[in-house]
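The values are calculated or read from the model by the stated rules, or taken from the named source; none is laboratory data. None of these values were measured; they are calculated from a predicted model. Positions of Cβ are backbone-derived with ideal geometry, glycine not excepted, and every protein chain shown enters the neighbour counts. Just the protein is used for accessible areas: all its heavy atoms, side chains included, with ligands, DNA and RNA removed. Shrake-Rupley method; radii C 1.70, N 1.55, O 1.52, S 1.80 Å.
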Amino acid sequence: MNVEDKGEVKIKQETDIAMARRAIRDIAKKLGFGITETARIVTAASELSRNVFKYAGAGVMQWRTLTSGENKGVELRFEDQGPGIADVNEAVREGYSTGGGLGMGLPGAKRLMDEMEIDSTVGKGTRVTVRKWCRR
Amino acid sequence: MSDESISVIRIRDVLLVTMPADPDDTTVAALQERTLEAMDLHDVRGLVLDLSKVEILDSYFARTVAETAQMVGLMGGETIIAGMSPAVAITATELGVTLGKTRTALTIDRALDLISKPGDGTRPRRER
């Protein structure tokens, strides 16, 4: 798995959620993702960056493009120093929410992407990594 | 931040509210306010919410749309969502968003047809 290109968007205010979406839309299009796949990636980025803003107040979205054989993909990593998630398995279940939202952020993003990993420590922060591969 | 904004125009007794391609949270929040203000200002049957330009509908945007439709309903108007693209419909469904009981139409034309028909709650139904 080679890393070709990377970058980051800092999430400090509400408008940064839209900035993150725009950055990811451009990357997905460049990588050759179709309209629906791009919408999936951008929507997942929106949900996950909103989680960062809503629960931690601030954080960062790091992105990088991936190559595995002939396949191209994109990886998004959302990191914050927020309150953390006590039960990660519970958090990716349907309907789970502690932020007064609809609880679709994590499970929804998981459905939209190919791979998801969550690394979280209560009181220290959360790191959510998602990947999507371009199918041809 | 966003150079794209909401457009609200009145066509006869319907408001046509058009959302930009990728509204930020402030623009999404403005949907509620601008729509309800326009409802208050004009004597209309309801509104057609044109989502044909919209590229993504995340949970926040969807919740605002559903809430706005509910508020418009309380004011006595009907909301019809029109023009959602296939990519947005697929993604929103996979994400798990719903728009409550809000009616939908494929195009603005069809939405305008729907909103003026009996049985939409704005006219009494005839007894059989």
Unmet criterion (only one of (1) closer than 20 Å to B:L95 by Cβ; (2) acidic (D, E); (3) modelled with pLDDT of 95 or more) for A:E8: (1)
Residue tally, condition open to solvent by less than 10 Å² (accessible area, probe 1.4 Å) and at pLDDT below 95, over region A:110-124: 0
Conditions (1) free of Cβ contacts under 8 Å to residues at least 24 places away in the same chain; (2) within 9 Å of another protein chain (Cβ to nearest Cβ); (3) not basic (K, R); number of the one not met by A:E47: (1)
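Conditions tested, residue by residue: (1) crowded, with 16+ Cβ neighbours inside 10 Å; (2) closer than 20 Å to A:T43 by Cα.
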site	(1), (2)
B:I11	no, no
B:T27	yes, yes
B:Y60	yes, yes
B:V72	yes, no
B:E78	yes, no
B:V97	yes, yes
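The rows are residues; the columns are (1) β-branched (V, I, T); (2) surrounded by fewer than 17 Cβ atoms within 10 Å (Cβ to Cβ).
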residue	(1), (2)
A:I11	yes, no
A:A23	no, no
A:A28	no, no
A:T36	yes, yes
A:V42	yes, no
A:S49	no, no
A:F53	no, no
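Just give me the residues in region B:32-72 being among the aromatic types (F, W, Y) and more than 12 Å from the chain's Cα centre (by Cα), in sequence order. It would help to see each step written out before you state the result.
Filtering region B:32-72 down to residues among the aromatic types (F, W, Y) leaves B:60-61.
Within region B:32-72, just B:Y60 meets the criteria.
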In region A:17-44, the residues that are at the interface with another protein chain (Cβ under 9 Å from one of its Cβ atoms) and touching a strand residue (DSSP E or B) at 6+ places or on another chain (Cβ under 8 Å): A:I17, A:M19, A:E37, A:R40, A:A44
